[in-house]
Structure formats: structure tokens, C-alpha cells
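Each remark here refers to the structure printed beneath this line.
The values are calculated or read from the model by the stated rules, or taken from the named source; none is laboratory data. Computed from a prediction, not measured in an experiment: that's the story for all the values here. With ideal geometry, Cβ positions are generated from the backbone for all residues, glycine too; neighbour counts draw on all protein chains shown.
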Amino acid sequence: MRASRYFLILLAGLSLALGVHAAPAKAYTIAVVPMGTTHEYWKMIHAGALQAQAELRASGLAVDIIWKGPLREDDRDQQIQVVENFIGRRVSGIVLAPLDARALVAPVEQAMKAGIPVVVVDSGLQSASLVSFIATDNRAGGRLAARRLGTLLHGRGNVILLRVQVGAASCEEREAGFLEEIQTAFPQIKVISSNQHGGATRETALVASQNLLNRFGAQVNGVFAPNESTMAGMLLALHDAGLGGGKVQLVGFANSQTFAAALKRNDLHGLVLQDPVKMGYLGVKTIIQVLQGEKVPALVDTGVRIATAENLNDPAIASLLPPSQP
């Protein structure tokens, strides 16, 4: 009788232990929504998100990343629809790079009300609802670009700022920082154009750049292009106008091997670099921390550096560029 009772107690304990270990771990589905999906920069954000997923899985957490965004960085309606679809699917959390600081407010607040935390990366959002903002200090990056261009021009000359598009908070911060620093630190440099927008594609930026050079080509000494599309369009326009190779000093803001090559051949003279891999990585890690009830910082600055032809081989600079294509 005692043996039988002992056996039953032992069996119950074993069943309980097995039940604890066999219980399925909570699975998390994290949606990562970039501004667009074509530029190299967003592919680096994706790589960082996948790196975080791999580490979290290795630690025993079941985490799945869904990567989806609009094709173009000016398709607000498509990005809103993507976010709303993820809300409908009841994903665990969303990592979002909003392409418009105002247009994405409503869907983000809708997600938060539905109990789906949102971490914003790369570009700001005019809402207090998000749980964390992880990005470059873009205004500081714009000031860095201005200092580089002002130094190249020895504090004198005429410059053009080719803006990106209205509502793109990260780029608007870069543009504001650039203008502030030029006006403060280089009073003898004149900004001869700062009201033109290149748009979200190389093609639209090329047209805007050609128009600017047709008007100011004989006067301009330097140009600042604040993102990948404006950089690509202006590089091509300068080449076509016979103003490449250092005739006009060009400073840009993008993480790209194409632009690193332009630095080497003296068509580009400064390249402000962010850390998109870190943004994607921390975005996913932060969402998981929130879902597990941990406190997270409201703001994380992921840093900014400037690349030149002289420092491209510096490991700290090289690590911020995407891998070279074979």
C-alpha cells in the first residue's frame, strides 16, 4: 500500500515536471516595416533585425520577423496599409520607420490602443504613443555634413541644399542641421538654393538636380544631398554637366558601397554614415523587452560618422557600409 502510494506521488511529480518543461514557450511575431524596400540602407535595417532574431532564438525565445514595407519611400498610403494589416493580424509588436512624421501617427496610435507596442526607428513620429525611438541624431549629422563642406570650400563660396521630401522627419532634421551650421560656422558661404526637393527616387532627384545645375551650375561650389535618392540623382547630374571630379564639392548622407566608390574616384567628398544594422537590431530587441515587461529607454542615439576617401579603410567606417557585392 505504501509502495503504491509512493509510486502515485512519484508519478504525479514526474507528470508535473514534464508538464512544466513541455509547455510551449510564448512565440512572438514582430513586424518590421521600413520606409521602402529598394535602397541598400533598408536592407541593412533588415539584416540587423534578423541578427536580433537569431540571437533571441538562440536564447530560447521563439521570435519570428515579418519584413514588409512599401516599394517606394514616398508611398504613404501603402505604408499605412501595411501597418493596419499587421494590426489586423494581431502581431506581437511593430518596428516602424515612418516615411511621414504625421501621416503614420493614427495607425501607430491604433496599434498601441490594440495592445501592440510600436518602436520607431530611423525617422521621428509626432506622437507620444510609441514606446521607444531608436535613430541617428539627424540634426547632428546635418551639422557634420556642413562642417565637411565648409572645410572643403575653405569657408567661402556658394552651396546648394537639395532637400528630399516634405514630411520625412529624418531628412528634414538633416537639412535643418546643415543650414544651421553653415550659417553659424561659415558666414561667408552663401546658400543659393534650399527650397527644391529631389523626391524618393533617383529619377525624380536627377530631374531636380538637372534643373538646379541648369540654373546655378556656373555659380555653385558645393552641394549637400541628404539621402540615397538625392545623392544618386545629384551625382549623375554633376557628371552629365561636366561638374564631377571635384569641380563641385558634393557631400551626402547614405550608407552605400556605390557612394564609397564615388569617394574613391573624387566624385563625392564626404559621406555621412548612420548605423542601420544597429537600428534594426535594437528595434527588435527593444520590442521583445517591452513584451516581457521590461523598462526600455524612450530615446536611443545610434551614432553618426563621416566617411572620406582617406578614412574608408578605418574599421569603424567600413563596418557601417553594406558588404561589397561579389
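All conditions in (1) buried (at least 18 other Cβ atoms within 10 Å of the Cβ); (2) modelled with pLDDT of 95 or more; (3) not acidic (Asp, Glu) hold for ALA114, with the sole exception of (1).
Here PHE224 passes the criteria (1) surrounded by fewer than 21 Cβ atoms within 10 Å (Cβ to Cβ); (2) in a strand (DSSP E or B) except the one numbered (1).
Listed here are the residues, each with its yes/no results for (1) among the hydroxyl-bearing types (Ser, Thr, Tyr); (2) in contact with a strand residue (DSSP E or B) (Cβ under 8 Å, 6 or more places away or on another chain); (3) buried (at least 18 other Cβ atoms within 10 Å of the Cβ); (4) farther than 30 Å from PRO117 by Cα.
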site: VAL220; (1), (2), (3), (4): no, yes, yes, yes
site: GLY242; (1), (2), (3), (4): no, no, no, yes
site: LEU271; (1), (2), (3), (4): no, yes, yes, yes
site: PRO276; (1), (2), (3), (4): no, no, yes, no
site: MET279; (1), (2), (3), (4): no, yes, yes, no
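Residues in the range 276-326 that are in a loop (DSSP other than H, G, I, E, B), over 26 Å from PRO98 (Cα atoms) and of a type in the set (A, V, I, L, M): ALA309, LEU312. LEU96 meets all of the listed conditions (1) surrounded by fewer than 24 Cβ atoms within 10 Å (Cβ to Cβ); (2) modelled with pLDDT of 95 or more; (3) not assigned by TED's automatic domain parsing to the domain that holds PHE224 but one, namely (1). The lone criterion from (1) in contact with a Lys or Arg (Cβ under 9 Å, 6 or more places away or on another chain); (2) assigned to a loop (DSSP other than H, G, I, E, B); (3) at negative phi left unmet by LEU236 is number (2). Among the conditions (1) under 30 Å from ARG57 (Cβ atoms); (2) assigned to a loop (DSSP other than H, G, I, E, B), the only one that GLY242 does not satisfy is (1).
Here the condition is being hydrophobic (A, V, I, L, M, F, W, C), within 26 Å of TRP42 (Cβ to Cβ) and in contact (Cβ under 8 Å) with a residue 12 or more places away in the chain; of ALA185, ALA168, it holds for ALA168 alone.
When you look at SER209, is it surrounded by 18 or more Cβ atoms within 10 Å (Cβ to Cβ), under 25 Å from GLY167 (Cα atoms) and modelled with pLDDT under 95, yes or no? Spelling it out, it is not the case that SER209 is surrounded by 18 or more Cβ atoms within 10 Å (Cβ to Cβ), under 25 Å from GLY167 (Cα atoms) and modelled with pLDDT under 95. Exactly one residue out of THR38, THR29 is of a type in the set (Ser, Thr, Tyr) and modelled with pLDDT of 95 or more, and it is THR29.
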